[in-house]
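Asker: This is the structure, below, for whatever I ask next.
Please treat every number below as a calculation from the coordinates, not as lab data. Worth saying up front: this structure is predicted, and the values here are computed from it rather than measured. Please note: Cβ atoms are built from the backbone with ideal geometry, for glycine as well, and neighbour counts cover all protein chains shown.
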Amino acid sequence: MGDFLEITAEDGHTFDAYRVTPEGAPHAGLLVIQEIFGVNSHIRGVCDGFARDGYLALAPAIFDRKQRKVEFGYTTETVTGGRALKDEIGWDNPVSDMKAGLASLRNSLGPNAKIGVVGYCWGGTLAWLASCRLETNCAVGYYGAQVGQFNDEEPKSPTMLHFGSEDAGIPLSMVDAVREAHADVQIFVYEGAGHGFNCDQRDDYNPTAFALARERTMAYFAKHLG
């Protein structure tokens, strides 16, 4: 449904972004943040789905900082490769790229447009950082394993987080610590769900958790974005 465009960050770095325009006037904009597998077919499909719901969706290729055109599948080898790229890029560079993505959405929709951020896996943590460090109208993070590293930062916009109770990489103690530190953040834990429960290409895909999390997410977007 969508196409790729080129965006330039404030430091001069140029990167690709997958953009999908809905039929009719968009309700608002959504910045969709990738997992450690790049802007692959799953992330593009997520964008397509949000566009069908009436949002202008944009997924920046954050791995372009180190390697362009990354589209990993879901294997042990690609997990290792994706984590290595994530570690090389760090946290400040993705924030810069997200800022440029938000600016691109505003350029398309107008300076007063409402824009949300939603991210998955690595992108779940980045959605948290976008809420804390950038200007957004709301943010939703799915199973962001490093949110606890930034628990001392305060979201500036309404924020929702989703976690699975059986996620081996995210201890529930971390989830509890975030909940305790940020009473205004809506946090949901899905019983029996593991890491990546939103992705139908992963072994941990959980259709029940997927459906409930998406229902809550879309209601959140409707409330804060329109």
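Asker: Using the basic label-point model (7 angstrom from Cα toward the beta carbon), what is the residue 186 to residue 25 distance in nanometres?
Answerer: Result for the modelled spin labels: 2.6 nm.
Asker: Here's another thing I want to ask about it. Under Stokes-Einstein, with the Kirkwood radius over Cα pairs standing in for Rh, what whole-number D in µm²/s applies to region 177-217 at 20 °C and 1.002 mPa s? Don't jump to the answer; show the numbers that get you there.
Answerer: Details: Rh = 11.2 Å.
Estimated diffusion coefficient is 191 µm²/s.
Asker: Taking the number of other C-beta atoms within 10 Å as the exposure measure, put 69, 86 in order starting with the fewest.
Answerer: Working: 69 11, 86 21.
Ranking 69, 86 by Cβ neighbours within 10 Å, fewest first, gives 69, 86.
Asker: Do any trypsin sites (Lys or Arg not before Pro) in region 104-200 lie in a loop, going by DSSP, with at most 14 other beta-carbon atoms within 10 Å of their beta carbon, and if so which? Walk me through the numbers before you get to the answer.
Answerer: On the way: sites: 106, 114, 133, 156, 179; in loops: 114, 156.
Here the sparse-neighbourhood loop sites are 156.
Asker: Could I ask something else about it? With n ≥ 4 as the cut-off for DSSP H runs, can you work out [θ] at 222 nm for the chain, using -39500 (n - 2.57) per run divided by the number of residues, rounded to the nearest 500? List each step's numbers first, then the result.
Answerer: On the way: 6 runs with 84 residues, N = 226.
Here the helix-only value at 222 nm equals -12000 deg cm²/dmol.
Asker: Two decimals is fine: what is log10 I(q)/I(0) at q = 0.16, 0.19, 0.23, 0.32 Å⁻¹ for region 1-51, from a Debye sum with one equal scatterer on every Cα and no solvent?
Answerer: Scattering profile of region 1-51, log10 relative to I(0): -0.51, -0.70, -0.94, -1.29.
Asker: Also, I was wondering about something else. Given points 7 Å out from each Cα along the Cα-Cβ axis, report the residue 93 to residue 41 separation in nanometres with one decimal.
Answerer: 2.8
Asker: I would also like to ask the following. Loop only per DSSP, at most 14 neighbouring Cβ atoms within 10 Å: give me the GluC sites (Glu not before Pro) in region 1-80, ordered by residue number. Please report the intermediate quantities before stating the final value.
Answerer: On the way: sites: 6, 10, 23, 35, 71, 77; in loops: 10, 23.
Within region 1-80, the qualifying GluC sites (Glu not before Pro) (loop, at most 14 other Cβ atoms within 10 Å) are 10, 23.
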